[in-house]
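Below you'll find the structure, written out as structure tokens, and then a few comments.
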Amino acid sequence: MFNLSKKVISAIEAVVYIAYNSSGEPVRSSEITSRQGTPQRYLEQTLQELVKANILVGVRGPKGGYILAKERRRITLGEIVTIINNSEKTEPTLSSISSDLCKKVITPVWDDLNLIIMEKLNKVSVEDLCSQANNLNIQRNLNSNLDFNI
């Protein structure tokens, strides 16, 4: 069931931020949390779930951070939402109501809405959002700590 929690929004924003700002270099979680205003421990759990699901790759070491595990055009919002919602152990509120009205009338409407929402989210890629950010001239924070040897 679709759930637009703060965790889902943070996950989407983190993946898009990494895609938009990485330029091939790992993006540190501290950089993401400073932009989002979320606690680093909270975001790290979310990022690890995305690593387990092969959306991100964690890079260890002093210049470590996170990079995309696959091309940004191959990652959809629906995929991210599904991963994070499946990791949350919250019970959908409609399933706890057992009245006939809820089961036979309200739940089917909600299920239809969820299908429509997920179909739409599955059509939007991280690439689409990066292109939109670029078109809106959203500033990129590309890694400027590049080493050059001549």
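The values are calculated or read from the model by the stated rules, or taken from the named source; none is laboratory data. Just so it is clear, the model here is predicted, and its values are computed rather than measured. So basically every Cβ, Gly included, is an ideal-geometry build from the backbone, and we count neighbours across all protein chains shown. Heavy atoms of the whole protein, side chains included, go into the accessibility calculation; ligands, DNA and RNA do not. Shrake-Rupley method; radii C 1.70, N 1.55, O 1.52, S 1.80 Å.
Below are the figures for this structure:
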{"item": "Cα-centre dipole for the chain with unit charges at Cβ (Lys and Arg positive, Asp and Glu negative), debye to 20", "result": "240 debye"}
{"item": "Area accessible to solvent at Y42, 1.4 Å probe radius, in Å²", "result": "70 Å²"}
{"item": "Protection proxy ranking, peptides 97-105, 111-119, 67-75, average beta carbon neighbours within 10 Å, highest first", "result": "67-75, 111-119, 97-105"}
{"item": "Å² per residue, accessible surface of the chain at 1.4 Å", "result": "64 Å²"}
{"item": "In Hz, Karplus ³J(HN,Hα) per residue of the range 34-48 (6.51, -1.76, 1.60; θ = phi - 60°; x = Gly, Pro)", "result": "5, 6, 7, x, 9, x, 4, 4, 5, 5, 4, 4, 5, 5, 5"}
{"item": "Compactness relative to 2.2 N^0.38 Å, alpha carbon Rg of the chain", "result": "1.22"}
{"item": "Of all accessible heavy-atom area on the range 1-52, the percent that carbon and sulfur account for (1.4 Å)", "result": "49 percent"}
{"item": "Residues of type lysines that K52 reaches as a straight line, Cα spacing below 25 Å, ignoring anything fewer than 8 places off in the same chain", "result": "K6, K7, K63, K70, K89, K120, K123"}
{"item": "R0 of 25 Å, Cβ-Cβ distance D112-A53: FRET efficiency to nearest 0.05", "result": "0.40"}
{"item": "Folded to 0 to 90 degrees: helix 77-87 orientation relative to the chain principal axis, Cα", "result": "70 degrees"}
{"item": "Where labels lie 7 Å past Cα in the beta-carbon direction, separation of R60 and Q40 in nm", "result": "1.8 nm"}
{"item": "Per-residue HN-Hα couplings for the range 5-21 [Karplus 6.51, -1.76, 1.60; θ = phi - 60°; Hz; x = Gly/Pro]", "result": "7, 4, 5, 5, 4, 4, 5, 4, 4, 5, 5, 5, 4, 4, 5, 6, 10"}
{"item": "Of V109, V27, V51, the one that fluctuates the most in a GNM where the chain has Cα springs shorter than 10 Å", "result": "V109"}
